[in-house]
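Q: One structure follows; several queries about it will come next.
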């Protein structure tokens, strides 16, 4: 049976200035299907979908060749005015960032109404009832209230639902969802995916679902396109892609994400697949037990006892200040050489706890004992000495490096401040040694951060952190901003360094799969309190509290 | 393999080089700067402050020509060459514009120049006054390229020497405003809280006083004179710099590299000077260029009001003040020439500011 495609892209190439970002891609979208497009940042998945809507930035980008047919009409050559009739009405889009794609000065209801005013001839009261029914359709808890609320008054997940309501308001034929859940917590992500699926079933529209997460796409799409550097490298049915990937890149993408069932010693990276040097040594439960026995016999390196962090917010001159406990009564012990995973949804206080341990933010109450001394009561100069021992690796590799200092200098500076080694020459040699340790080399010494890719910058951040030879390193979402294949490389690097230098990690992340792979002990936090604390495998296989169960259940499993 | 260095600074410089108006203004400023420094070497009238008056030929058109007799003053004060180059000659010959002359019996007889067809007074000078009794070297045709001002001084020389004040007030005022503004701004922005409140209060108070009034008050307190004006203008302009620096620091200190610097145990001074300030220099440089222009304008305004540089010092503002009533008397060039000078200098600074703003925005 040959269906006619509702949207078909033929030999499309797009360039930005002199750079070609899309090379001659063609694909079809049929009626009543969900097409997943998966790829890493820079693979051109978003650019190609913006082209469908004619939303490419005019000045810097150009469609160099190819056509896009919507219901057999060519739309790349349409005028702006003709496009407006298609945009929103026939082809709608949901964006990644629900926080910034709603206008903060308009109520949510007004913003949805606006679209209906634009594209339909309904009367005012009809439109309002239509909007309320749309809100019911996207399962917003109190449609009436949301209708008259401003975007800042509702949660991120609710905002994304409003965005979906806006997108489906005119009953479009095609819905393009560009990373609609990336900015959301896993539990919310699961609900949104469920909603999109049921809406698609109900309205029989076609959906293009763009994401970097292969496991997620397996839960929603019928057909999958894999994009890599502006090319479509593989196309096919979900099950066949997952069970029988043909292209090395697809294989790497599937395997680079830490598995929830087995624990590989080294995660395979894309390079490994391309050069066919995959080592699949597993760490067995016995080996793990043995190692843990060794670890937990020593006295703890860090002990956190009943730590609390309260934020005061003053709403008015005369009203009482309201307090908010970001971290509430948290205690745990950390042993030398282990990795403690800290997991929880956004706003659960995991980063606040990390900052309290680092003494970047003072804890309001409780004790933090490092090597027998309570570091919450230290003097300023003693804290400065402590900085050498406790270090942090940041989330965002783009903003954690000073753009005006060459990376070599940036790594050298902490040594200078803490008066490690005797001369600058000695320090420089040491910096080069560290650069080699993190997989960079001497030629990178005088380059500036903007000359590196995201993964390389994260390596530089790690190099700067280990320059001080700390004992304890807090990794605050250190791999969350990285692509999956790069993430695997950085995780391998972290494990490698831990073995060589004997670091102790506190690994903070919202991604349970990554945390489980990395950690010995796992700490689940919810609303500032400890929900569960145990061996990572024990928690995963046998969660005790409802919250943990929900969290584990929400992880996209893949096929 | 030699790695090509490309720091953000160099990228910005490359971008700046592509901006025609920016580069043009830059060359213009260098040109004006050279003129300002070597004003007395270039100027036809190299007396101190270009103050050689010839009342009989006052307010003449550009290109006016006259025969000039210079009579040696008789004293020979010793002056160093350097002081002559940078500050002009102190003692000079008396210059007399003449219409005709003859030499009889060791006496030079000449008729003073008089305009509007009047007959000048005849006078005599003994030839002994001139070295070797030789007059020929002392009688010359003199041309006034920009004409003469209302005291018969060479307008071109006045304009050249006047460039100094405009240029240097820009430098000094911007320097003072940068030193105070960057310091206050960084302290307020970085520490926040009460420190911030106190400094912001100071900024708001300073800002609420009209600039001219404040400068007048400061000049009155410190006395009249052009150094006082320099300081006064600088003291009023730090406010804008401080505001900009404070705002930039508040957003820059949220950047992760600042947190990283804290976590690495760097001191506050190091964090501010090495990690924050270099990253917020772009808007400060742009506002400094604008301040440069503003300082020049304030100085000419003050000189126009008579509380800036004091006569006989040449200043463009004061020159306009001296001659603005000639505009309706058919000799507008006396005021227009210094006016154009102010305009072109201010314009050059503004264009440079714009070019820098585009160049330093390395995001694109």
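Q: Can you say whether residue B:288 is crowded, with 22+ Cβ neighbours inside 10 Å, away from chain A (no Cβ under 14 Å) and modelled with pLDDT under 85, as far as the supplied structure shows?
A: Values: crowded, with 22+ Cβ neighbours inside 10 Å: yes; away from chain A (no Cβ under 14 Å): yes; modelled with pLDDT under 85: no.
No, not satisfied.
Q: Mind listing just one residue for me: the one in the stretch A:408-419 that is more than 27 Å from the chain's Cα centre (by Cα), crowded, with 19+ Cβ neighbours inside 10 Å and over 17 Å from residue B:269 (Cβ atoms) and, of those, nearest to the other protein chains (Cβ to nearest Cβ)?
A: Among those residues, the one meeting the criterion is A:415.
Q: All but one of (1) under 26 Å from residue A:43 (Cα atoms); (2) away from chain B (no Cβ under 14 Å); (3) not in a helix (DSSP H, G or I) hold for residue A:522, so report the exception by its number.
A: Unmet condition: (1).
Q: Taking the conditions exactly as written (over 18 Å from residue B:198 (Cα atoms) and either in contact with a helix residue (DSSP H, G or I) (Cβ under 9 Å, 6 or more places away or on another chain) or assigned by TED's automatic domain parsing to the domain that holds residue B:185 (or both)), does residue B:221 satisfy them or not?
A: Answer is yes for this residue.
Q: OK, next. Would you list the helices (runs of 4 or more DSSP H) that sit entirely within the stretch B:1-95 and hold 1 or more residues that are within 14 Å of chain A (Cβ to nearest Cβ) and at pLDDT below 80?
A: Filter on the stretch B:1-95 gives B:8-17.
Q: Within the stretch A:489-505, identify whether any single residue is within 14 Å of chain B (Cβ to nearest Cβ), part of a strand (DSSP E or B) and at pLDDT 90 or above, and answer yes or no.
A: no
Q: So, one more: Can residue B:147 be described as buried (at least 17 other Cβ atoms within 10 Å of the Cβ) and more than 29 Å from residue B:319 (Cβ to Cβ)?
A: Criteria not met by residue B:147.
Q: Among residues belonging to the stretch A:389-407 that are surrounded by 20 or more Cβ atoms within 10 Å (Cβ to Cβ) and under 17 Å from residue A:419 (Cα atoms), point out the one that is nearest to the other protein chains (Cβ to nearest Cβ).
A: A:391
Q: Within the stretch B:246-265, restricting attention to residues that are facing chain A (nearest Cβ under 8 Å) and part of a loop (DSSP other than H, G, I, E, B), which residue is surrounded by the most Cβ atoms within 10 Å (Cβ to Cβ)?
A: Only one residue fits best here, namely B:264.
Q: Another question, if that's okay. For residue A:368, state whether it is within 11 Å of another protein chain (Cβ to nearest Cβ), touching a residue at least 60 places away in the same chain (Cβ under 8 Å) and surrounded by 18 or more Cβ atoms within 10 Å (Cβ to Cβ).
A: Working: within 11 Å of another protein chain (Cβ to nearest Cβ): no; touching a residue at least 60 places away in the same chain (Cβ under 8 Å): yes; surrounded by 18 or more Cβ atoms within 10 Å (Cβ to Cβ): yes.
Answer is no for this residue.
Q: So which pairs qualify, if the first residue must be in the stretch A:63-82 and free of Cβ contacts under 8 Å to residues at least 24 places away in the same chain, the second must be part of a helix (DSSP H, G or I), the Cβ gap must be under 8 Å, and the two must be at least 6 apart or on different chains?
A: A:75/A:52; A:75/A:83; A:75/A:86
Q: Assess whether residue B:277 counts as being within 14 Å of another protein chain (Cβ to nearest Cβ), touching a residue at least 60 places away in the same chain (Cβ under 8 Å), in a helix (DSSP H, G or I) and under 35 Å from the mean Cα position of the chain (by Cα).
A: Criteria met by residue B:277.
Every residue, every condition in (1) closer than 30 Å to residue A:3 by Cα; (2) crowded, with 16+ Cβ neighbours inside 10 Å; (3) in contact (Cβ under 8 Å) with a residue 60 or more places away in the chain, yes or no:
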{"residue": "A:147", "(1), (2), (3)": "no, yes, no"}
{"residue": "A:167", "(1), (2), (3)": "yes, yes, yes"}
{"residue": "A:174", "(1), (2), (3)": "yes, yes, yes"}
{"residue": "A:198", "(1), (2), (3)": "yes, no, no"}
{"residue": "A:205", "(1), (2), (3)": "yes, yes, yes"}
{"residue": "A:226", "(1), (2), (3)": "yes, yes, yes"}
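Q: The conditions are (1) in a helix (DSSP H, G or I); (2) within 14 Å of chain A (Cβ to nearest Cβ); (3) crowded, with 20+ Cβ neighbours inside 10 Å, and residue B:269 fails exactly one of them. Which is it?
A: Failing condition for residue B:269: (3).
Q: Out of the residues in the stretch A:33-69 that are modelled with pLDDT of 85 or more and touching a helix residue (DSSP H, G or I) at 6+ places or on another chain (Cβ under 8 Å), which is farthest from residue A:181 (Cα to Cα)?
A: A:68
Q: Moving to a separate point now. Could you count how many residues in the stretch A:305-344 are modelled with pLDDT of 75 or more, over 17 Å from residue A:515 (Cβ atoms) and not in a strand (DSSP E or B)?
A: Qualifying residue count for the region: 2.
Q: Assess whether residue A:358 counts as being within 28 Å of the chain's Cα centre (by Cα), at the interface with chain B (Cβ under 10 Å from one of its Cβ atoms) and under 21 Å from residue A:528 (Cβ atoms).
A: yes
The values are calculated or read from the model by the stated rules, or taken from the named source; none is laboratory data. These numbers were taken from a predicted model, which means no experiment stands behind them. Using ideal geometry, Cβ is built from the backbone for each residue, glycine included, and neighbour counts are taken over all protein chains shown.
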